[in-house]
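Visitor: The structure is given below, and queries will be raised subsequently.
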Amino acid sequence: MQAWSPEQIANRIKLDFPDDESMRISHEAIYQALYIQGRGVLKRELILCLRTGRALRAPRARSRRKTWAHVTPEALISERPAEVEDRVVPGHWEGDLIIGLERSAIGTVVERSTRFTMLVHLPREEGYRHKHTVKNGPALAGYGAITMKNALASTMSTLPEQLARSLTWDRGKEMSAHAQFKVETGIPVFFADPHSPWQRGTNENTNRLLRQYFPKGTDLSRWSAEEVEAVAHTLNSRPRAGFTLLRHRILLG
């Protein structure tokens, strides 16, 4: 009736019963008791009493997770070499995932000056959606941090050193192992600012072209590594504005 929050209630009890240690409860315990009574979802009249207005309770551990904790200061796009901007020096790449049904994905990396594209095959790992899958175990969809790091390193390690200068990626957690990736390949990874797709405009445009071959709403895990490579070859071979034959030959050595 007084519109007190669980935290205010928990603190008030300490004042009302200063000498009674049994009269102690945390605000989190109050929340949990309320949600348990409602089988995980609060009744309408209780929702109105909460300032957040949320019917579901997010566990504290989940609420404390930092969405972009893997984006370290030295990996910010502002730290990227200035030569990347003018697109004169080849070897600077942009990357991201294209996502399909059932958490399927294919990695895409595009060279900024030539728009040469490489695709990263990301098959699901053994045990995906198996009835005995370990809760909170490793990601098995095919683009967990370590799996992504290994697949991307395998793809980009085929490049000559002068054509592997940097990689700019979206802020997805699939690149959480970027520090290890840099150690293994020598390629530093930089992350675009939040909600700034134009900072990876070359990659965004290429991903739209790739949807011709990998339509939205399809399971991308159906494609084999050979088929994914064939699509990359087809995309690189077809005429594209600004993608000159000379640049293509330079990139391919």
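The values are calculated or read from the model by the stated rules, or taken from the named source; none is laboratory data. From a predicted model like this one, the values you see are computed outputs, not experimental measurements. Ideal geometry is used to build each Cβ from the backbone, glycine not excepted, and the neighbour counts take in all protein chains shown. For the accessible areas, the whole protein counts, side chains as well, though only heavy atoms, and no ligand, DNA or RNA atoms are used. Shrake-Rupley method; radii C 1.70, N 1.55, O 1.52, S 1.80 Å.
Visitor: Please name all residue pairs, on different chains or six or more residues apart, with Cβ atoms under 8 Å, provided the first residue is in the range 172-188 and is open to solvent by less than 60 Å² (accessible area, probe 1.4 Å) and the second residue is basic (Lys, Arg).
Guide: 175/149; 177/149; 178/149; 181/149; 187/165; 188/182
Visitor: For the subset of the range 189-215 comprising residues that are in a loop (DSSP other than H, G, I, E, B) and hydroxyl-bearing (Ser, Thr, Tyr), which member is most open to solvent (accessible area, probe 1.4 Å)?
Guide: Among them, the one singled out is 213.
Visitor: Scan (1) modelled with pLDDT of 90 or more; (2) open to solvent by 80 Å² or more (accessible area, probe 1.4 Å); (3) within 22 Å of the chain's Cα centre (by Cα) for the single condition residue 62 breaks and write down its number.
Guide: Of everything listed in (1) modelled with pLDDT of 90 or more; (2) open to solvent by 80 Å² or more (accessible area, probe 1.4 Å); (3) within 22 Å of the chain's Cα centre (by Cα), residue 62 misses just condition (1).
Visitor: Which residue is farthest from the chain's Cα centre (by Cα), if the candidates are limited to the range 190-231 and must be of a type in the set (Phe, Trp, Tyr) and under 26 Å from residue 70 (Cα atoms)?
Guide: 198
Visitor: Among the residues of the range 69-96, how many are outside any loop (DSSP other than H, G, I, E, B) and of a type in the set (Ser, Thr, Tyr)?
Guide: Number of matching residues: 1.
Visitor: Restricting attention to the range 97-117, and to residues there that are basic (Lys, Arg) and assigned to a loop (DSSP other than H, G, I, E, B), which single residue is nearest to residue 214 (Cα to Cα)?
Guide: For the range 97-117, the residue satisfying everything is 115.
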